[in-house]
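In what follows, a single structure is set out as structure tokens and then discussed.
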Amino acid sequence: MIGNFTEENSVETVNTRMGDGIDPRLREVMAALVRHLHAFAREVELTQEEWEAGIAFLTVTGQLCSGERQEFILLSDVLGFSMLVDAINNRRPPGATENTVFGPFHVDGAPERQMGDCISLDGKGESCLFTGRVIDLHGEPIEGARVDVWSDNSEGFYSVQQPDLQDKWNNRGIFVTGADGRYEFVGIKPVSYPIPDDGPVGKMLAALGRHPNRPAHMHFLVTAPGFQRLVTHTFVGDDRWLGSDAVFGVKSTLVAPFEHVRDGRTEWRSPFDFVLVPVSQ
Ligand code: BEZ
Ligand code: FE
């Protein structure tokens, strides 16, 4: 018998087409995706023109992707989808440092530096001492933790956004903790910046009356054997975009002190401890 595809039976018609013996997780995920996608079209009574505009938007988004630019992840970020997936995958006990969005500007293989070294190679910006400990949930120091850090420069650009103007490793480095769990490095007090907004995602934000800015932050990727990987930032507390981060990455526990220093080696000092959770927890 020929089963007609109708508005009413659309989900079952598509989902029962999947073969026997396929990966059960793939079946679960695809069935839910079809269910929600069809429910979306039904709820808004999607017009043919809107469907075409959506396809055109996704096409341009894909065309802009390259080794250096990932417009689809940016789309996921501004829709809050990246942070939702991050939250689902990083439920942590009270006291543990919270995760936040990874972002597109991390570069693998940053140089390992000596504790206390300066990561700002262009000498621009307001110098800041970042310092603290990597500890477990009981406050015990974690030895051998790799603290991989990266930030924008004083003009709001990451080194990878300006390959002709900045050293690849400007404002980047890895610091490995000793027995006391301490880390310490000199960088700059980060500044806020707009996410790349010259593509379809930027156009979409403008159409929605949204700004593209992220509040000033320092990125940290902290790893240690036996502990869950921590991807996080520390935020500058008085930033004007703190309440409306374009990618929803702000968590109040991640707002760090930035203390103005008199007569010190740096203009600012930002103390912050990272609390890691064992892998088994
Ligand atoms: C970042 O913090 O580097 C970032 C995160 C999401 C989108 C764009 C940039
Ligand atoms: Fe960033």
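The values are calculated or read from the model by the stated rules, or taken from the named source; none is laboratory data. Just so you know, these numbers come straight off a predicted model, no measurement behind them. Cβ placement follows ideal geometry from the backbone for every residue including glycine, while neighbour counts extend to all protein chains displayed. For accessibility, only protein heavy atoms count, side chains too; no ligands or nucleic acids. Shrake-Rupley method; radii C 1.70, N 1.55, O 1.52, S 1.80 Å.
In this structure, residue 54 does not qualify as on the phi > 0 side of the Ramachandran plot, surrounded by 11 or more Cβ atoms within 10 Å (Cβ to Cβ), at pLDDT 95 or above and not assigned by TED's automatic domain parsing to the domain that holds residue 228. If you go through the stretch 169-202 and pick out every residue that is part of a loop (DSSP other than H, G, I, E, B) and over 18 Å from the mean Cα position of the chain (by Cα), you end up with 10.
Out of 107, 101, 147, 85, I need the residue that is under 21 Å from the mean Cα position of the chain (by Cα), more than 16 Å from ligand 1 (Cβ to nearest atom) and open to solvent by less than 70 Å² (accessible area, probe 1.4 Å). Which one?
147
Of the numbered conditions (1) of a type in the set (A, V, I, L, M, F, W, C); (2) in a loop (DSSP other than H, G, I, E, B); (3) in contact (Cβ under 8 Å) with a residue 12 or more places away in the chain, residue 165 satisfies every one except a single condition; which is it? Result: residue 165 fails condition (3) only. Restricting to the stretch 109-141, give me the number of residues that are part of a loop (DSSP other than H, G, I, E, B) and modelled with pLDDT of 95 or more. So the count comes out to 18. Any chance the stretch 184-192 includes a residue that's farther than 22 Å from residue 110 by Cα and modelled with pLDDT of 95 or more? Yes, some residue in the stretch 184-192 is farther than 22 Å from residue 110 by Cα and modelled with pLDDT of 95 or more.
For the stretch 62-74, the criterion of a residue being open to solvent by 40 Å² or more (accessible area, probe 1.4 Å), among the polar types (S, T, N, Q) and modelled with pLDDT under 95 is satisfied by at least one position. For the stretch 224-238, the candidate set comprises residues that are closer than 19 Å to residue 129 by Cα and touching a strand residue (DSSP E or B) at 6+ places or on another chain (Cβ under 8 Å); within that set, the residue that is nearest to ligand 2 (Cβ to nearest atom) is 233. Tallying residues that are away from ligand 2 (no atom under 16 Å from the Cβ) and either modelled with pLDDT under 95 or charged (D, E, K, R) (or both) within the stretch 193-223 yields 3.
With respect to residue 2, is the statement that it is open to solvent by 90 Å² or more (accessible area, probe 1.4 Å), in a loop (DSSP other than H, G, I, E, B) and outside the structural domain of residue 101 (by TED's automatic domain parsing) true? In short, yes.
Return yes when residue 161 is farther than 21 Å from residue 100 by Cα, of a type in the set (S, T, N, Q), open to solvent by 40 Å² or more (accessible area, probe 1.4 Å) and assigned by TED's automatic domain parsing to the domain that holds residue 249 and no when it is not.
So residue 161 passes the test.
Quick one: would you say residue 126 is closer than 18 Å to residue 193 by Cα, away from ligand 1 (no atom under 16 Å from the Cβ) and in contact (Cβ under 8 Å) with a residue 60 or more places away in the chain?
Answer is yes for this residue.
Find the strands (runs of 3 or more DSSP E) located wholly in the stretch 203-281 whose residues include 1 or more that are more than 14 Å from ligand 1 (Cβ to nearest atom) and open to solvent by 10 Å² or more (accessible area, probe 1.4 Å), and list them.
217-223, 268-271
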